Amino acid sequence: MRVARGCSSTVCEVDGKIYVAGGCKEDIGSLYWIEVFDPKTQTWGTLKNPCIEYQHDIGYRCEVKSLGLDGKIYMFGSEFVVYNFEEDRWKCIGRDKYNLYHAVDPMSRINSSSCVVDNVWFILDKGTRVFKWYDFKVSLWKELNGVEGLPDLSDRGYVKMVDLGGKIAVLWQECLTNKKIKRIWCAEISLERRDRDEIWGKVEWFDIVLSLPDFCHRGYCLMVDVGGKMMVLWDASVYYSSRRKQNVIWCAEISLERRGDGDEIWWKVEWFDAVLPVHKSCRLLYADGLSATL
């Protein structure tokens, strides 16, 4: 990136390119307020600035939110706008704006986690812990039918969803204080559209994909699909024998293999390690997951 950005920035993916907006000291009218990264050419560029103010969140921060969907970029700040690449302009979002904003805002009563799969937006409802998808034709959130067999996620403090090759991968944490370990679980949900206005899901498998010792005090984590493998990143505080505390970003790479008649998926942790030390006052407060084939 050409300018430094803080935790109030937002990121989304459209057609294989990564768009980053806000969170910088630049004026909201700056040319660099939105930057775009092309993984194929490994270059950064800019996008026309919508010139919207930051949305005041509940509590202590001001930020914008973004969403890449159906070849368009949705931006939520003091105004709710959408960028159409064919028309090369920003315009106000219509009747869907409040339904979309409440789902993209992690402080809202609706959103727990969300992802876009094949240009359909899915969320896990924070209150009911029901998986839902948004039907733009009728401007309503509809239940994802047929999702059965998962454990109760209502007591999980953090759940993350990501597009995994046309399926939904769900990631959550389990703390076992008596054994002094933390486990990260993953579930894979396949999707099928029926009668055009119904989408059904099926839990293909779920299992523990990573166990952490109790000296790793994880804040947030994200999962990314990279070339058919799962990349899991999380922040942790490591305490040394000298009682010195070090905050670090960890990363794990998990390969997947389908066996048998296709009804079994095996996973293998290829490696995991600390990849980035950060200042002790810095924590990963929020993370956006992207699906990318590099």
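Points to keep in mind about this one:
- Unique residue being modelled with pLDDT of 75 or more, of a type in the set (D, E, K, R) and farther than 28 Å from GLU198 by Cα when the list is GLU87, GLU53, GLU63: GLU87
- Qualifying residue in the stretch 176-199 (condition: surrounded by 18 or more Cβ atoms within 10 Å (Cβ to Cβ), modelled with pLDDT of 80 or more and aromatic (Phe, Trp, Tyr)): yes
- Residues in the stretch 255-284 that are part of a loop (DSSP other than H, G, I, E, B) and surrounded by 12 or more Cβ atoms within 10 Å (Cβ to Cβ) were compared, and the one that is modelled with the highest pLDDT is CYS282.
- Looking only at residues in the stretch 235-248 that are in a strand (DSSP E or B) and surrounded by fewer than 16 Cβ atoms within 10 Å (Cβ to Cβ), the one that is modelled with the highest pLDDT is GLN246.
- The stretch 1-20 - residue that is over 16 Å from the mean Cα position of the chain (by Cα) and not hydrophobic (A, V, I, L, M, F, W, C) and, of those, modelled with the highest pLDDT: ASP15
- Which numbered condition SER113 fails, given (1) assigned to a strand (DSSP E or B); (2) at pLDDT 80 or above: (2)
- Residues of the stretch 139-168 that are over 16 Å from ASN119 (Cα atoms), of a type in the set (Val, Ile, Thr) and at pLDDT 85 or above: VAL147 alone.
- Residue match in the stretch 71-83 (condition: of a type in the set (S, T, N, Q) and at pLDDT 80 or above): no
- Pairs where the first residue, in the stretch 128-142, is more than 18 Å from GLU188 (Cβ to Cβ) and touching a residue at least 60 places away in the same chain (Cβ under 8 Å) and the second is surrounded by 13 or more Cβ atoms within 10 Å (Cβ to Cβ) and not hydroxyl-bearing (Ser, Thr, Tyr), C-beta under 7 Å, 6+ apart: ASP135/LYS142
The values are calculated or read from the model by the stated rules, or taken from the named source; none is laboratory data. Since this is a predicted model, take the numbers as computed values, not measurements. Cβ: placed from backbone, ideal geometry, glycine included. Neighbour counts: every protein chain shown.
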